[in-house]
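The block underneath contains the structure these notes are about, expressed in structure tokens.
Please treat every number below as a calculation from the coordinates, not as lab data. In this text, all values refer to a predicted model and were calculated from it rather than measured experimentally. Cβ atoms come from the backbone with ideal geometry, glycine included; neighbour counts cover every protein chain shown.
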Amino acid sequence: MAATKDTTGTGYEGFTAEERDAMKQRAKELKASAKAEAKAADAEKDVLAKIAKLNPADRVLAEGFHALVKEHAPELTPRTWYGMPAYARDGKIVCHFQPAEKFKTRYPTITFSDEAKLDDGVLWPVSFALTELNAGSETAIAELLKGAMG
């Protein structure tokens, strides 16, 4: 990189126009990254707030599902989707937790969208009833999450 001419008599020749431009671009990138991180943190707070408002039975399962997503699919971004806890990749919903109380159903469900890479032949399940979190169901959910990520 070529330096600019010393006009101060200090020996320091300063930054070139290209170097200054590069520094400005990097500053913009850092600012955009900080905004994106803040937005993601706010989205997760929204998800956690929605979960906290659920009835106790749904809340326990939603908290467990959230923890499993964070552990086994950390690249997914928590956000709300139609008022439900959901998890997205590149802005597209991959899976969500539907509380039983939301649509007055018998049980809550975990549903995967077409963005999940669960394809298995010509027919495969994408929605799962969840009535309890135990070692078996946690293992099954972890495998589904890993599969969904491809």
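Using the Cβ atoms and a cut-off under 12 Å, what net charge is assigned to the surroundings of Leu118, where Lys and Arg are +1 and Asp and Glu are -1? Result for the local shell: -3. Helices assigned as whole DSSP H runs in the chain whose Cα atoms extend at least 18 Å along their own long axis and whose mean Kyte-Doolittle hydropathy is 0.0 or higher are found at 135-148. A simple count of charges around Pro85, restricted to other residues whose Cβ falls under 14 Å of its Cβ and scoring Lys, Arg +1 and Asp, Glu -1, yields +2.
This model, with +1 at the C-beta of Lys and Arg and -1 at the C-beta of Asp and Glu, gives region 17-148 a dipole about its Cα centre of some 560 debye. Here the extension length gained between Thr139 and Glu13 equals 39.2 nm, from 0.36 nm per residue of separation less the Cα-Cα distance. Selection among Gly147, Ile51, Val69 by position relative to the dipole of region 17-148 gives Ile51 as farthest towards the positive end (Cβ unit charges, Cα centre). Listed by chain and number, the aspartates and glutamates whose C-alpha is less than 16 Å from the C-alpha of Lys146, apart from same-chain residues fewer than 8 away, are Glu71, Glu75, Asp114, Glu115, Asp119, Asp120, Glu138. Over all other residues within a Cβ to Cβ distance under 14 Å of Lys35, the charged ones net out to 0, with Lys and Arg as +1 and Asp and Glu as -1. Dividing the mean sequence gap of close Cα pairs (under 8 Å, 6+ apart) by how many residues region 81-150 holds gives a relative contact order of 25 percent.
For a paramagnetic label modelled on Thr80 (point 7 Å from Cα along Cα→Cβ), amide N atoms under 13 Å away belong, within region 31-47, to 42-47. Considering helices alone, the calculated mean residue ellipticity of the chain at 222 nm is -15500 deg cm²/dmol, with DSSP H runs of length four and up weighted by -39500 (n - 2.57) and normalised per residue.
Over 26 Å apart at the Cα level, from the set Lys35/Lys70; Lys35/Lys102; Lys50/Lys92; Lys39/Lys70; Lys50/Lys70; Lys39/Lys92, are Lys35/Lys102. The structure shown yields Rg and Dmax of the Cα atoms in Å, and of the options (i) 14.7, 44; (ii) 23.3, 81; (iii) 20.9, 64 that calculated value carries the label (ii). Extension gain for Lys24-Lys45 works out to 4.4 nm (0.36 nm per residue, less the C-alpha to C-alpha distance).
The GluC sites (Glu not before Pro) of region 64-103 meeting both criteria, a DSSP state outside H, G, I, E and B (loop) and at most 12 other C-beta atoms within 10 angstrom of the site's C-beta, are Glu75.
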